[in-house]
Amino acid sequence: MDYSYLAQLLFPDVTTTPEELEERYPARDLPEGAKVTRFAPSPTGYVHFGGIYQAVVDKMLASQSGGVFTLRIEDTDGQREVEGAAEALIRTLEKYGITYDEGVILNEDGTLGERGAYGPYKQSQRGDIYAVYAKKLVAEGKAYPCFTTEEELEAIQQADKKAEIKNTDWHTAAAEKRAAMLAGRQFTMEEVEAHLKAGDPFVIRILSDGDPDKKVKFTDQVKGLLEVPENDEDFVLLKSDGIPTYHFAHAVDDHLMRTTHVIRGEDWLPSLPKHIQLFRYLGFRMPKYLHTAQILKMDENGGKKKISKRDMGAKMDDYAQLGYAEDVVWEYLLTLLNSNFEEWRMQNPDVPVRDYPFSIKKMSVSGCLFDFDKLNDVSKNVISRMTAEQVYDQVLTWAESFDPDFASKLSADPAYAKSILAIGRGGNKPRKDITVWSGVKDYMGFFYDEYFRIEDSYPDNFEKKDIITALEKFLESYDPADDSTVWFNKIKEIAPAIGFAPEMKLYKKDPDSYRGHVGDVSMFLRIAVTGKMNSPDMYSVMQILGSERVTARIRTMIASL
Ligand code: GLU
């Protein structure tokens, strides 16, 4: 068969040559060892934690090697595309400071644009480019047209997907599918001409030369040496509307964008034989691959299962809504991604997270376990190391979106809010009261009269008259000019007046001789002034609230008892 004639028949309008594309997208002029990475999400809905997990690897590998990080939007599946998803994705990357050098960007006016010399970066705009390579493969007898109907194609795709999702069997081609496929290889030029004349739709399939009994060696940067069977399936390269499949677009785009490292989920591993074959057919050098481990969570029975979109923490919107700081997300991702991150953090408590020397070797080979308690722990630590200014700015930004009333309180008197947030900060053992921005109002709300209310009640084992006496005695001697030692000594002096121990150790030695201890006296004050059993340091709280409000709240409490 005259393949170049066939190619011309199928792609009469394609005049660009692969050589011209090589010139248009030349090898990048980068220092030795520089890595070119790309994040290639499909805009099919919400932004997944797993996507951000990969984007952080892309970002770190590129930026730490003096390379290039690209954002490519893989919008080849029109049916699954969700309007606004690409924009939301870019905003999420921005929010977490995952900046990139090239790719699809958000213009000032909210429309999508592009930056960089290796575009277009949206696959839907690269149709001309894919056609050039499809034509080349047909002309070389490595691909052929297939005029199966849309329904038949759909059935084959479904079978394909199922086999890939199951991730169990390399031999995805079932016997009958193979027979149908082989039949599709047989055609004459007259038949093709007749189909084209009739306007019949067709797809372009690869003409596979693979033998699944033969194995190919492949080194994945994370998984190590793998042996995969050769691909023997004539998989689709271009769909009937000219849109490429993932496989074809991956090979063409990553070649022309000069990607050196492909970081993608391990669910793509079963497709690797196809990619190995395709790169060989196209004469492209394969990039290096890092197939990242899946994110797992504990299930009810103590086993592990894949995190699904219904799970809390799967969507990046969850993090925004709860108010996890940008650095917290990074730190947590790095604890999942690199096994020596936590050790590094311990040794370098003050180094910015982005300066962590990311190591491919320390990446998890099997699954990464997602754990909310761990995330919250990381969060408390990170926030405890921030300055009051930093906390204020981030809480305010969060509140502006999610709690405008609180935001207006915070911004009405920034100095006041910052003095509250400064309590217990600095020093070797900073307090770890704050986990998420959405918890800050609960933590400091009592500093604002409109939010203050008595949330906790006095435990039943105390007598009202003792509480009243303690509160009254406090007011008698309270002087806001006292330093913290004098202030606390005065509280200690109240204790004996109501039969309480002035020192904890006295009480512990002989609990039967006292009705309570100095800590209980502090608790009486705490509930009256903050409304809660737990609060930041009471001396600082009273200093910031001011004597007028402290006195008023204690008086109100006495009257209510
Ligand atoms: N669009 C593909 C996905 O979202 C990208 C995979 C890749 O990074 O190559 O799964």
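The values are calculated or read from the model by the stated rules, or taken from the named source; none is laboratory data. Note that the coordinates shown come from a computational prediction; the quantities given were computed from them, not determined experimentally. Cβ atoms come from the backbone with ideal geometry, glycine included; neighbour counts cover every protein chain shown.
Odds and ends about this structure:
Condition check ((1) buried (at least 21 other Cβ atoms within 10 Å of the Cβ); (2) within 30 Å of MET189 (Cα to Cα); (3) modelled with pLDDT of 95 or more) across all residues:
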site: GLY103; (1), (2), (3): yes, no, yes
site: GLY119; (1), (2), (3): no, no, no
site: TYR130; (1), (2), (3): yes, yes, yes
site: ALA134; (1), (2), (3): yes, yes, yes
site: GLU150; (1), (2), (3): no, yes, no
site: ALA155; (1), (2), (3): no, yes, no
site: ASP169; (1), (2), (3): no, no, no
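- Qualifying residue in segment 517-525 (condition: under 19 Å from SER457 (Cα atoms) and of a type in the set (S, T, N, Q)): yes
- Listed by first and then second residue, the pairs linking a residue in segment 38-60 that is on the phi < 0 side of the Ramachandran plot to a residue that is part of a loop (DSSP other than H, G, I, E, B) and within 7 Å of the ligand (Cβ to nearest atom), with Cβ atoms under 6 Å apart and 6 or more places separating them unless they lie on different chains, are ALA40/GLU74; SER42/GLU74; GLY51/PRO41.
- Some residue of segment 90-101 being among the acidic types (Asp, Glu) and touching a residue at least 40 places away in the same chain (Cβ under 8 Å): no
- Pairs are defined by a Cβ separation below 8 Å, a sequence spacing of at least 6 or placement on different chains, a first member in segment 246-257 that is touching a residue at least 24 places away in the same chain (Cβ under 8 Å) and farther than 13 Å from THR70 by Cα, and a second member that is near the ligand (Cβ under 10 Å from one of its atoms) and among the charged types (D, E, K, R); the pairs so defined are TYR246/GLU74; ALA249/GLU74.
- All conditions but one from (1) free of Cβ contacts under 8 Å to residues at least 60 places away in the same chain; (2) over 16 Å from GLN543 (Cβ atoms) apply to LYS464; the one that does not is (1).
- Meets criteria (over 37 Å from the mean Cα position of the chain (by Cα), under 16 Å from LYS274 (Cβ atoms) and part of a loop (DSSP other than H, G, I, E, B)) for ASP209: yes
- Scanning segment 269-323 for residues that are polar (S, T, N, Q) and closer than 30 Å to ASP442 by Cβ yields SER308, GLN321.
- Selection count where residues are away from the ligand (no atom under 16 Å from the Cβ) and part of a helix (DSSP H, G or I), scope segment 3-55: 15
- Residue check for TYR96: within 16 Å of the ligand (Cβ to nearest atom) and among the hydroxyl-bearing types (Ser, Thr, Tyr): no
- Counting only helices (runs of 4 or more DSSP H) that sit wholly inside segment 482-561, those with at least 3 residues that are within 43 Å of the chain's Cα centre (by Cα) are 518-530, 538-545.
- Test for VAL328: is it surrounded by 15 or more Cβ atoms within 10 Å (Cβ to Cβ) and either over 16 Å from LEU369 (Cα atoms) or polar (S, T, N, Q) (or both): yes
- Subset of segment 298-321 (residues that are surrounded by fewer than 18 Cβ atoms within 10 Å (Cβ to Cβ) and closer than 23 Å to ILE383 by Cβ): MET312, ASP317, ASP318, GLN321
- Those residues of segment 409-424 which are surrounded by fewer than 19 Cβ atoms within 10 Å (Cβ to Cβ) and of a type in the set (D, E, K, R), in sequence order: ASP413, LYS418
- Exclusive hit being of a type in the set (Asp, Glu), out of contact with any Ser or Thr (no Cβ under 7 Å at 6 or more places or on another chain) and closer than 22 Å to GLY116 by Cβ, set GLU74, GLU83, GLU87: GLU87
- For segment 56-89, a residue qualifies if it is within 15 Å of the ligand (Cβ to nearest atom), outside any loop (DSSP other than H, G, I, E, B) and of a type in the set (Val, Ile, Thr), and the qualifying residues are VAL56, VAL57, THR70, ILE73.
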